[in-house]
1. Kindly evaluate L280 against the criterion of being modelled with pLDDT of 95 or more, touching a Ser or Thr at 6+ places or on another chain (Cβ under 6 Å) and open to solvent by 10 Å² or more (accessible area, probe 1.4 Å).
2. Can you go through V349, V327, V363 and tell me which one is of a type in the set (V, I, T), buried (at least 19 other Cβ atoms within 10 Å of the Cβ) and over 25 Å from D81 (Cα atoms)?
3. Given the residues F253, F203, which is the only one that is part of a loop (DSSP other than H, G, I, E, B), open to solvent by less than 10 Å² (accessible area, probe 1.4 Å) and of a type in the set (F, W, Y)?
4. Hey, among the residues in segment 365-402 that are outside any loop (DSSP other than H, G, I, E, B) and of a type in the set (D, E, K, R), which one's nearest to Y210 (Cα to Cα)?
5. Scan segment 206-234 residue by residue and report those that are part of a helix (DSSP H, G or I) and either modelled with pLDDT under 95 or open to solvent by less than 60 Å² (accessible area, probe 1.4 Å) (or both).
6. Mind checking which pairs have a first residue in segment 181-192 that is within 16 Å of H70 (Cβ to Cβ) and a second that is open to solvent by 30 Å² or more (accessible area, probe 1.4 Å), Cβ under 6 Å, 6 or more apart or different chains?
7. What are the pairs with Cβ atoms under 6 angstrom where one residue, in segment 371-386, is touching a residue at least 60 places away in the same chain (Cβ under 8 Å) and the other, located anywhere, is of a type in the set (G, A, S) and assigned to a loop (DSSP other than H, G, I, E, B)? Sequence gap at least six, or different chains.
8. Starting from segment 265-290, keep only residues that are on the phi > 0 side of the Ramachandran plot, then list their pairs with residues that are among the acidic types (D, E) whose Cβ atoms are within a distance under 7 Å, requiring at least 6 positions of separation or different chains.
Amino acid sequence: MTKKSSPIFNQSRAVYAGLAAATLALVLIGCSNDNADSESPLSPEARLGELIFNDASLSASGRQSCASCHDAAHAHTPANDLPAQFGGADLTLQGGRSAPSLRYLDTNTAFHFDEEGTPTGGFFWDGRAASLQAQAGGPFLNPVEMANKTVSEVVGRLAQASYASAFKAAFGENILNNPESAFERMTWALQKYQLEDKSFRPFNSKYDEYLRDKAVLNPQESRGLQLFKDQAKGNCAACHPAEKGADGSHPLFTDFTYDNLGVPRNPALAQNKDPAFFDLGLCEQAGGRLADRTDLCGAFKVPSLRNVAQRKVLFHNGHFKSLKEAVTFYVQRDTHPERWYPLNTDGTVRKFDDLPSQYHANVNTTEAPYDRKPGDAPALTDAEIDDLIAFLRTLDDGYASR
């Protein structure tokens, strides 16, 4: 007597067959996986995600892809030093924030308040996306990025892509006839790509090798590490943990929380030409759920410091263009504010000029190195700043493969 197949078995068999067909289709159109090793090849869905990630035809301009702002050769950040990238239908519209790195985000969570009430997690500078998938979908519909007007427009472009047949083989012959479902599968594939491709989290910096006892920090780098951890000096580890986890995992150099640093206003951002405009970050998170948390106005996500030395602009508004300048700001913001902020007509310093005055009290002024006032010595000397930067350069990916 022949045993009847269960619906679950039949569904699994259909999915397996679809993925097998997708794999064949991807091979036929020449998709390769240069980043994954032979023991961990990308799944068919992730390989589709790789194609989507690099496909500029999915934008209204036909000239912008995910990779345009998240270049793998630059630690998945922009290759240029613009404070915010240009997008829109003709690539003439400037965004409002710098493009964050996509690396080391696989263990990040949706936005939440932890047991101590600390805002934590979320994707983008203001934590508005709950997952890598949600983050991946945002730029396609953002008018100053890829600038598609609707999900249907995105999927219409996807239907014209060279890998459309592979997409249908993976997700169903009629998937492109349902724009909402197709967009959900498309962004899911992008998430799969970022989770599976090890180039998004290689853990192969000099510091990683140091933690594996396979590299030695030179004297300057060692001094920098101590300054990084010293609570009275750099105090960087307060938000950028540098120790292994309890499970032996290597540090991500972010605790995924938020901080308000009073970063100077960036006149290079078009949105700042309006003196009444202020980017308030967390309290203006999409959906308005934090609108009544005025104590969070001006707070932005704490980014990972991995590959920070490769960044061509720093902070959410891209105000600083060198690591030396950014670290010096950290330690001199309060001791020498006139070096960082404009002057009022009476000669006083207009400190925290990128925040309305009612939110100035939100700025972090209690933790080192911000717990100082004019006339005090900065927490770090110029030589110590150089030592700290030498250590930060050990966080660049790629050392183990050099």
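1. Answer is no for this residue.
2. That would be V363, the only listed residue that is of a type in the set (V, I, T), buried (at least 19 other Cβ atoms within 10 Å of the Cβ) and over 25 Å from D81 (Cα atoms).
3. Every option except F253 fails the conditions.
4. Residue satisfying both the conditions and the ranking: R393.
5. Across segment 206-234, the qualifying residues are K206, Y207, D208, E209, L211, E221, S222, G224, L225, L227, F228.
6. Short answer, once both residue conditions are applied: T187/Q133; Q191/Q133.
7. Qualifying pairs under 6 Å: A379/A368.
8. Close Cβ pairs (under 7 Å, with a partner that is among the acidic types (D, E)) amount to G281/D126.
The values are calculated or read from the model by the stated rules, or taken from the named source; none is laboratory data. This is a predicted model, so every value here is computed, not measured. Cβ sites come from the backbone with ideal geometry, for glycine too, and all protein chains shown count toward neighbours. Areas reflect the complete protein model, heavy atoms only, side chains present, ligands, DNA and RNA absent. Shrake-Rupley method; radii C 1.70, N 1.55, O 1.52, S 1.80 Å.
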